[in-house]
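The values are calculated or read from the model by the stated rules, or taken from the named source; none is laboratory data. Quick caveat, the model's predicted, so the values are computed rather than measured. Reconstructed Cβ throughout: ideal geometry from the backbone, glycine too, with neighbour counts over all protein chains shown. Areas reflect the complete protein model, heavy atoms only, side chains present, ligands, DNA and RNA absent. Shrake-Rupley method; radii C 1.70, N 1.55, O 1.52, S 1.80 Å.
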Amino acid sequence: SRKCITQLITQSKQGISPLKISPRGLPINWLLQQIDTNGLTSQFKVDVENDATKTPRRNDDVDNAMIFTGQVRNWCNVVERQFLKQLQNLMQKHNPAIPKPQTFTVRDLPKPSVFNPILPLMEEEKEPTNESDDIEIKSIIAFQRSNGNGNDDTSTLLSSRDMSSLLNEHVRALDEQVNEIEKSWPSNSSDNIVSSAEATLSFLIGHLTHLSTQFDESMAYIESMMENQLIAAIGKRLEPKDLDKFVKYHNARLLQPIPQPFSHAIRRPEHYPVGLLSIESQDGETECIHSHSREVNPSSNLKIPLSAATVLELTGHQYLHGYMNHRFGSSRKSHQLVARARQFSSFILVIGTMTDGSTLDPKDAIIVQNKDELLIPLLLEELPTAKEFKDAIKSLSPEQQRFARAYRKMQLASSVFGICVIQIKPQLERLLGLPPDSLDKEMKLTQDLMELFIEYQVPSDLLSYNGFSDNVSTEDKISNVRNNVKSVMDVVEAEKEKQLKAEQAKTEMAMEKTFQRAGNDQFEARLRRKAMGAPPQQQQHARPPQQAFMAMASPPPQTSSSRMSMHAPVGRTLHAEAFSMEMMADDAMLECEEDHYDPSPPVSSKKVSDEVQNRQSSSEIGESQVTSDQGVDFTLIPQILDSAVEKSGDGNAIRSTTIKTGDHWVRNRQDNLLTTPKRQRLNVEEVKKEKNKAFDLLDALSRSGSLSIEYSELHVVVAVTHCFDKSVMSTVVQDNINPIEKLERSTLLLASAMHGVPARELIRDNAELQRLEGAMPLLMGVPENS
């Protein structure tokens, strides 16, 4: 410590408060632990046997060292801020009109610019030669190992001689800088506030900050060097989409059967496809996801409850798909369900979750037809892993644990995503009593039938073939159905015409009522005023108000003779009528509103209510119940997979994933054959309307559940996500993890659960099987004693 006296003159009446600096401590326990007190040498090293040691940078020893260097930087910043900054503020309070009593200020303090011995020295090991070891040193980072110690040639560290040279150079540079400061700055015994002591302290604090920063940067340089070497070896910086491509390539050569793209043509045997169904992922590029798929032979038919009284029964094919998704850091891929229909083709898409082995709970439904392209966003939500779940509930009470287990069981069961595709034409043929394939070329008839079922909900009994003879040809049956459709369409058109005329009559009556309320006196007074100044030939064409109104409301027939005869009088007589009609137009609209006119409901609404009442009254209680038969229970697969993942040791990385549909759908629809497709966005209300239309058509096609649906496909998707905490490059470089091996284990777990066979039976090559037995013996079923 030192004392000095300096006079500072200020312009304010208040005196200068004394400089107060609170002491700040720096814990150096870690630094002392790294010193060998016997030999006064450093004993810092990285424990490579520790499981937490991943890379030369990512380990506990280097992490503790970087924590200490961070504390050193913080301490230096506090000292500089409290001492030097407050000292500068104190000197700035001197009156600027009086010469400064100090020659040097804080701004003149020296900046640290001496040799820093902390360097990330990397030396490429060379083959021993007989050449001379005399090498010209061009820079300080080109140190060579000394041959003074016999062990130096094989050591991965610098020799003690080289280390001493570095430290000696550091000490020499520090002494030289301190001596320069003592020569340039006032001595410690002077009365200057800023002397050589303060300048030396400022220099040492700055240099200590540089040392700690250089250590952190050296560690980061080593890590970046490994990353650059990896990029140089591969040729690019890897992204999740690049790893996805490699996983597909690797699985195609490792597994049998190989994962297939989730892209399925909607078709009947020996028929052209009516559409396409696929699930696509978007991560810079749009492509189909690959899944482990197999066809399931269930012991019971699929049930889809449309309502409490209507349950569909589908006897079509059922498929099980397992999708392995992977996520690196915070990057997430977006997914969408894509359904496309061909021209003059149609099908119904039902989306939901499996509630048991044979029941699909429908959440959404829509009719896809005539070159529609439907894009449905899919939301993938990750559930906590089995290990995370157990760690979270272990401190709860038994009642709370039972509640959490029951709810997690429900979450796993609800993660089974179901997509059902129902073809319309073959079901129409069964419903109407027509032979198979009879509607393939009846495009107009098919469109009329769908319109009657969807828009007007006409009972199928009014349209189906009403004959009983088996010797009738297919053309006669189709002709009978076509006549039935024409009869119903005629009734609908007649009802529309009747309602249209009733609408016109009510409008005319409302206008007439408004005209009468205006009063004939006012109209006649206006005519008299016009007649007084009008020529006689114009007065003779004046008509009573009722006749003038009817002439405006109902024009005469447009024949050639009538047009010729009306040209002259109408041009002169409609002045008064037009004047009156302009005044009464708003009154007529007001009259309609005052009368609370409510148009009669269309014929479709009446028939909807009647048909629903008849069907509900005739339904039996047994038909509304959904039974659960023994067979493949899709809802148990996530639980089996969750248990297998926990036993494999990757419980912290693999998460069960639920799939849900988003709220905003997109549909590309072509209004007619001559226009281009238009992009339509369907909000929540519009999606709900589409669902109601699809349910109405399903209700008609199945006769309210009494007629099974044969041509259908059920695709059940079980998704899991392998989560990595960091990006692809950081996972490899920083965590020293090979994501290919991790994804390989996850893929085998998923494929084994999807195909129902041990993982070793899915390996295509014996050499790969032997490799995997050594890498993951538990999963491959290798005995422990082997």
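Note on segment 220-264: Kirkwood radius taken over Cα pairs, Stokes-Einstein applied at 20 °C and 1.002 mPa s, translational D equal to 167 µm² s⁻¹.
Rounded to the nearest percent, how much of the accessible area of segment 362-512 (1.4 Å probe, protein heavy atoms only) is carbon and sulfur? Don't skip to the answer; put the middle values down first.
Numbers: 4270 of 7840 Å².
After summing per-atom areas, the C and S share lands at 54 percent.
Taking amide hydrogens as placed 1.01 Å from N in the peptide plane, the amide H of residue 378 sits under 5 Å from those of 335, 336, 337, 662, each at least 5 positions away in sequence or on another chain.
Compute the FRET efficiency between residue 710 and residue 672 as 1/(1 + (r/R0)^6), taking r as their Cβ-Cβ distance and R0 = 30 Å, and round to the nearest 0.05.
Working: r = 32 Å, r/R0 = 1.08.
That gives a FRET efficiency of 0.40.
Using amide H atoms built in the peptide plane, which far-off residues or other-chain residues are under 5 Å from residue 35 H to H? Distant-sequence amide H within range of residue 35: 43. Counting 0.36 nm for each residue step from residue 498 to residue 455 and taking away their Cα separation leaves a gain of 13.6 nm. Between residue 689 and residue 767, full extension at 0.36 nm per residue minus the direct alpha carbon distance yields a gain of 22.4 nm. Count the lysine pairs in segment 413-518 whose Cα atoms sit under 29 Å apart, keeping only pairs 8 or more residues apart in sequence or on different chains. Lysine pairs meeting the criterion: 22.
From the gyration tensor of the Cα coordinates in segment 145-303, what semi-axes in whole Å does the equivalent ellipsoid have, largest first, with each one equal to sqrt(5λ)?
Details: eigenvalues 1022, 120, 32 Å².
Values for segment 145-303, descending: 71, 25, 13 Å.
Once backbone amide H atoms are built at 1.01 Å from N, residue 296 has 318, 319, 320 as its partners under 5 Å, excluding neighbours fewer than 5 places away on the same chain.
Here the label points at residue 295 and residue 64, each 7 Å from Cα along the C-beta direction, are separated by 6.3 nm in the simple model.
Can you classify segment 319-478 as rounded, prolate or oblate using the Cα gyration tensor, where a ≥ b ≥ c are the square roots of its eigenvalues, rounded means a/c under 1.5, and otherwise it's prolate if a/b beats b/c and oblate if not? Let's see the in-between values first.
Working: a/c = 3.89, a/b = 2.41, b/c = 1.61.
In terms of gyration-tensor shape, prolate.
Working from label points 7 Å from Cα in the Cα-to-Cβ sense, the residue 390 to residue 738 distance is 2.8 nm. Over segment 328-406, accessible surface divided per residue gives 45 Å², non-protein components excluded, 1.4 Å probe. If you take all other residues with their beta carbon under 14 Å from the beta carbon of residue 170, and give Lys and Arg +1 and Asp and Glu -1, the sum is -3. Mark the label point 7 Å from the Cα of residue 680 along Cα→Cβ and return the residues of segment 686-721 whose backbone N is within less than 17 Å of it. The answer is 686-697, whose backbone nitrogens lie closer than 17 Å to the label point. Local charge for residue 479 was computed over the other residues whose Cβ lies under 11 Å away, with Lys and Arg +1 and Asp and Glu -1, and equals 0. Normalised by 2.2 N^0.38 Å, where N is the number of residues, the C-alpha radius of gyration of segment 165-216 stands at 1.31.
For residue 222, put the label point 7 Å out on the Cα→Cβ axis and report which residues of segment 59-80 keep their amide N under 20 Å from it. In segment 59-80, the label zone of residue 222 (backbone N under 20 Å from the point 7 Å along Cα→Cβ) covers 59-73.
Each principal axis of segment 437-495 carries a Cα extent, and these read 36, 22, 16 Å when sorted largest first. Working out 0.36 nm times the residue gap between residue 176 and residue 404, then minus their Cα-Cα distance, what length gain in nm do you get to one decimal? Length gained, residue 176 through residue 404: 75.1 nm.
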